[in-house]
Amino acid sequence: MSGLFPLLAALLAGLSLVGLFRARTLLRRILALNVLASALFLLLVTLARTEAGLDPVPHAMVLTGIVVAVSTTAAALALILRATEPPGDGKEP
Amino acid sequence: MSAFVIGFDLLLGAGLLWLAWQALFHPQPFAAVVHFMAFGLMMALAWVRLEALDIALAEAAIGAGVTGALLLAALGRLPDGPTPRRLLRAWQRPPVALALGSVLLLSLWLVWVAWQLPRPGLAAEVTAALPESGVRHPVTAVLLNLRALDTLLEVAVMLGAVWLVWSLGPELRPYAPVTALPGLPALTRLLHPLFLMVPAYLLWRGSHAPGGAFPAGAVLGAGGILLLLADGVPWMQRPEHQPLLRLLLAAGLVLFLGLALGGLLLTGTFFAIPLAIAGLAILAVEVAIALSIALMLMACYLFGEPGR
Amino acid sequence: MPLPLAVMLLLSCAGVGLWRIWRGPSGADRMLGAEQLSTLAIAILLLLGAFLDQPALGDVALLFALLAAVAIATFVTRTWTRLHEAQRRPEEAEGD
Amino acid sequence: MTEGLALIAPWLIAAGVGFFLTGALGLWRFPDAYARLHALTKADNLGLGLLCLGLACQAASLSAALKLLLVWGLVLVASSIGATLIASTALARGLRPVTRRGSRRGARRGARRGSRDS
């Protein structure tokens with residue numbers, strides 16, 4: 001099969017690293033990390049297509065990775081909200 | 001046929017690159033988040049193209065649904081307005097361009113190296129072990145029997161994230177919407193039966209086809225988030241229900257750990273599930289994990305500890 | 001109509017949604033672009049499912065259809081709330 | 001009967017794609033968010049419905065056809081209620097509808113009223 005998807009994964013990973021380093025706000029940094037994770041998942045799944053058929057182990061790893069990525073995103077977002085919110089503002093309507 | 005596949009791949013790749021570019025560099029933070037949600041949508045199409053249907057289901061539920069909802073909810077509390085551009089002085093430009101260009105080249109080179117590596121794969125081994133695992137779908141077998149330790153630790157990581165979010169303080173009360181929205185409870189009522197039926201269907205399918213606990217839990221969690229938006233789950237905020245909530249949050253991890261220890265007692269090996277009960281045990285663990293994942297996603301969505 | 005041609009036409013429709021998400025001008029327009037993309041993704045998945053004879057693609061489409069509501073409900077109740085009322089952008093007040 | 005269904009299925013699919021193209025044109029050219037809302041919720045959902053009908057005519061089993069129609073029903077519910085949510089929020093926030101080409105007077109009153117009581 002063509003090398004289009006590995007190339008796409010490499011470009012996405014490079015783009016997200018550039019975005020990660022150039023980000024001005026923390027929200028952008030979270031977005032960049034998520035895009036980076038997607039690029040790596042894409043690479044893993046592309047590498048799972050061997051001559052012997054689909055390799056289920058990388059698929060399972062990517063499934064695990066997606067759930068870990070969403071929990072880290074949630075934790076990081078909560079940290080950002082606490083960092084920007086003035087204290088005691090949480091009870092406001 | 002092959003021209004169609006190439007055209008499809010090219011359009012999909014161009015769309016993904018454009019969406020990632022805009023998600024990273026669009027001046028408005030809100031536009032960046034919407035671009036990222038659309039990126040998740042297109043990624044699901046890419047998973048379908050790569051014949052990874054389990055991942056497509058999980059990405060459709062998590063990437064396009066739950067992550068987008070989390071980001072949008074956080075955005076409503078962050079200061080709005082365009083991000084100021086970072087201006088570089090003239091002498092800074094060449095080294096920065098050099099560094100960023102080398103980052104791009106490095107990632108291209110790494111992927112090329114990974115592409116050239118021999119890939120024997122474990123497909124044959126997994127197929128050989130499939131009859132002893134209690135399920136007929138290889139990805140479910142890897143997740144819940146052959147490499148169950150990974151899944152156990154992943155659920156533990158997620159519980160750790162909830163722990164972190166809740167230890168930051170009391171739940172952040174949402175701001176009121178600008179106008180009364182009578183459509184929202186109606187939407188919740190109409191969709192809620194399906195938000196229960198579809199996860200059940202996915203769980204049932206998981207033993208023999210793409211599906212399983214993770215997409216099911218994510219869909220259930222998205223339904224729960226919809227309920228939270230319509231103020232449909234007041235029991236989560238009540239202090240007297242907190243022990244029950246904590247028990248349900250930990251149920252997946254506890255049951256999974258119990259299964260592992262039971263295997264240790266019965267056969268002497270950690271996580272060795274006897275074949276006779278493997279199918280049933282995996283189903284029970286899957287139900288518990290799906291419930292726990294759904295509740296954990298809802299718990300993260302509150303951005304703080306409820307009932308305090 | 002041959003199904004590959006239909007899929008390609010739908011993919012080219014997605015370009016309009018991409019442009020609308022990029023252009024805005026208001027938040028509602030961006031969300032509409034995202035909604036169009038999700039409807040298109042559902043249609044493409046159903047067509048591909050019929051073309052490749054893989055009924056499992058219908059499940060992915062079902063998930064998209066279920067989750068389209070969650071994004072809009074979050075947008076309306078959590079993002080476009082009173083907080084941002086004070087700092088409305090001039091372009092948004094302009095309407096177009 | 002089955003031959004007849006197989007005969008009209010491609011026409012239904014073609015009509016569905018046509019409605020999608022019309023919806024894309026509306027999303028591109030319409031002047032404000034309210035009009036674009038119409039382009040999406042009407043043209044795109046009709047297109048999806050025709051497409052689902054066409055595919056249901058070709059479906060292998062009755063359950064597969066019913067699943068296609070379920071997807072359509074879900075999209076109808078989500079997008080119709082979502083459209084009212086977005087439109088009422090946008091109106092309450094004072095996003096002005098374009099009433100006539102170049103004139104926004106009628107709309108401005110509504111917008112002012114909306115922003116005052118919000």
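The values are calculated or read from the model by the stated rules, or taken from the named source; none is laboratory data. These numbers were taken from a predicted model, which means no experiment stands behind them. Ideal geometry is used to build each Cβ from the backbone, glycine not excepted, and the neighbour counts take in all protein chains shown.
Things to note:
- D:Gly82 vs. criteria modelled with pLDDT of 90 or more, assigned to a helix (DSSP H, G or I) and away from chain B (no Cβ under 14 Å): no
- B:Ala200 vs. criteria more than 22 Å from A:Thr73 (Cα to Cα) and in contact with a helix residue (DSSP H, G or I) (Cβ under 7 Å, 6 or more places away or on another chain): no
- Tally of residues being part of a helix (DSSP H, G or I) and surrounded by 24 or more Cβ atoms within 10 Å (Cβ to Cβ) across the range B:266-284: 1
- Residues in the range D:85-101 that are of a type outside the set (A, V, I, L, M, F, W, C) and more than 10 Å from chain B (Cβ to nearest Cβ): D:Arg96, D:Pro97, D:Thr99, D:Arg100, D:Arg101.
- Checked against the criterion of being modelled with pLDDT under 85, in contact with a helix residue (DSSP H, G or I) (Cβ under 9 Å, 6 or more places away or on another chain) and closer than 30 Å to B:Arg205 by Cβ, the range B:44-63 contains one or more residues that satisfy it.
- For the range C:20-32, the set of residues classified as under 13 Å from the mean Cα position of the chain (by Cα) and facing chain D (nearest Cβ under 7 Å) consists of C:Arg20, C:Ala28, C:Asp29, C:Met31, C:Leu32, listed by residue number.
- In this entry, B:Leu257 is excluded by the filter for residues that are over 19 Å from the mean Cα position of the chain (by Cα), in a helix (DSSP H, G or I) and surrounded by fewer than 14 Cβ atoms within 10 Å (Cβ to Cβ).
- All positions within the range B:70-118 that are under 30 Å from B:Leu302 (Cα atoms), without any contact (Cβ under 8 Å) to a residue 60 or more places away in the chain and in contact with a Phe, Trp or Tyr (Cβ under 9 Å, 6 or more places away or on another chain): B:Leu71, B:Leu72, B:Leu75, B:Asp80
- Annotation: of all residues in the range D:1-19 being β-branched (Val, Ile, Thr) and at the interface with another protein chain (Cβ under 7 Å from one of its Cβ atoms), the one that is surrounded by the fewest Cβ atoms within 10 Å (Cβ to Cβ) is D:Val17.
- Conditions (1) within 23 Å of D:Ala87 (Cα to Cα); (2) of a type in the set (Val, Ile, Thr); (3) buried (at least 21 other Cβ atoms within 10 Å of the Cβ); (4) free of Cβ contacts under 8 Å to residues at least 40 places away in the same chain; number of the one not met by D:Thr22: (3)
- Residue match in the range B:27-35 (condition: over 16 Å from the mean Cα position of the chain (by Cα), without any contact (Cβ under 8 Å) to a residue 24 or more places away in the chain, surrounded by fewer than 24 Cβ atoms within 10 Å (Cβ to Cβ) and outside any helix (DSSP H, G or I)): no
Results for (1) under 17 Å from B:Ala74 (Cβ atoms); (2) at pLDDT below 90; (3) facing another protein chain (nearest Cβ under 7 Å); (4) surrounded by fewer than 23 Cβ atoms within 10 Å (Cβ to Cβ), shown as yes or no for each residue.
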{"position": "A:Ser16", "(1), (2), (3), (4)": "no, no, yes, no"}
{"position": "A:Ala23", "(1), (2), (3), (4)": "yes, yes, no, yes"}
{"position": "A:Ala37", "(1), (2), (3), (4)": "no, no, no, yes"}
{"position": "A:Ala52", "(1), (2), (3), (4)": "no, yes, yes, yes"}
{"position": "A:Asp55", "(1), (2), (3), (4)": "no, yes, yes, no"}
{"position": "A:Leu63", "(1), (2), (3), (4)": "no, no, yes, no"}
{"position": "A:Leu77", "(1), (2), (3), (4)": "yes, no, yes, no"}
{"position": "A:Pro86", "(1), (2), (3), (4)": "yes, yes, no, yes"}
{"position": "A:Asp89", "(1), (2), (3), (4)": "yes, yes, no, yes"}
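- If you go through the range B:169-188 and keep only what is touching a Leu at 6+ places or on another chain (Cβ under 7 Å) and assigned to a loop (DSSP other than H, G, I, E, B), you end up with B:Glu171, B:Leu172, B:Tyr175, B:Leu181.
- Qualifying residue in the range B:196-206 (condition: touching a Pro at 6+ places or on another chain (Cβ under 7 Å), surrounded by 19 or more Cβ atoms within 10 Å (Cβ to Cβ) and in a helix (DSSP H, G or I)): yes
- Filter result for B:Ala3 (more than 7 Å from chain A (Cβ to nearest Cβ) and surrounded by fewer than 19 Cβ atoms within 10 Å (Cβ to Cβ)): yes
- Every test in (1) touching a helix residue (DSSP H, G or I) at 6+ places or on another chain (Cβ under 7 Å); (2) modelled with pLDDT under 90 is passed by C:Ala86 save one, and that test is (1).
- Among the candidates B:Thr127, B:Thr83, B:Thr67, the residue that is out of contact with any strand residue (DSSP E or B) (no Cβ under 6 Å at 6 or more places or on another chain), assigned by TED's automatic domain parsing to the domain that holds B:His208 and either surrounded by fewer than 17 Cβ atoms within 10 Å (Cβ to Cβ) or in a helix (DSSP H, G or I) (or both) is uniquely B:Thr127.
To keep it simple, each residue is scored yes or no on (1) modelled with pLDDT under 90; (2) in contact with a Pro (Cβ under 6 Å, 6 or more places away or on another chain).
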| residue | (1), (2) |
| --- | --- |
| B:Leu87 | yes, no |
| B:Ala99 | yes, no |
| B:Leu122 | yes, no |
| B:Ala128 | yes, no |
| B:Gly134 | yes, no |
| B:Pro138 | yes, yes |
| B:Leu146 | yes, no |
| B:Ala156 | no, no |
| B:Val162 | no, no |
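- Answer residue from the range B:130-146, given it is farther than 18 Å from B:Pro274 by Cβ and either within 8 Å of another protein chain (Cβ to nearest Cβ) or free of Cβ contacts under 8 Å to residues at least 24 places away in the same chain (or both) and is surrounded by the fewest Cβ atoms within 10 Å (Cβ to Cβ) among those: B:Pro138
- For the range B:289-308, filtered to residues that are over 15 Å from B:Thr140 (Cα atoms), in a helix (DSSP H, G or I) and among the aliphatic types (A, V, I, L, M), the residue that is farthest from the other protein chains (Cβ to nearest Cβ) is B:Leu291.
- A single member of B:Leu45, B:Leu57 is within 30 Å of B:Ala272 (Cα to Cα), of a type in the set (A, V, I, L, M, F, W, C) and either in contact (Cβ under 8 Å) with a residue 24 or more places away in the chain or not in a helix (DSSP H, G or I) (or both), and it is B:Leu57.
- Some residue of the range D:28-37 being facing chain C (nearest Cβ under 8 Å), touching a residue at least 60 places away in the same chain (Cβ under 8 Å), outside any helix (DSSP H, G or I) and buried (at least 19 other Cβ atoms within 10 Å of the Cβ): yes
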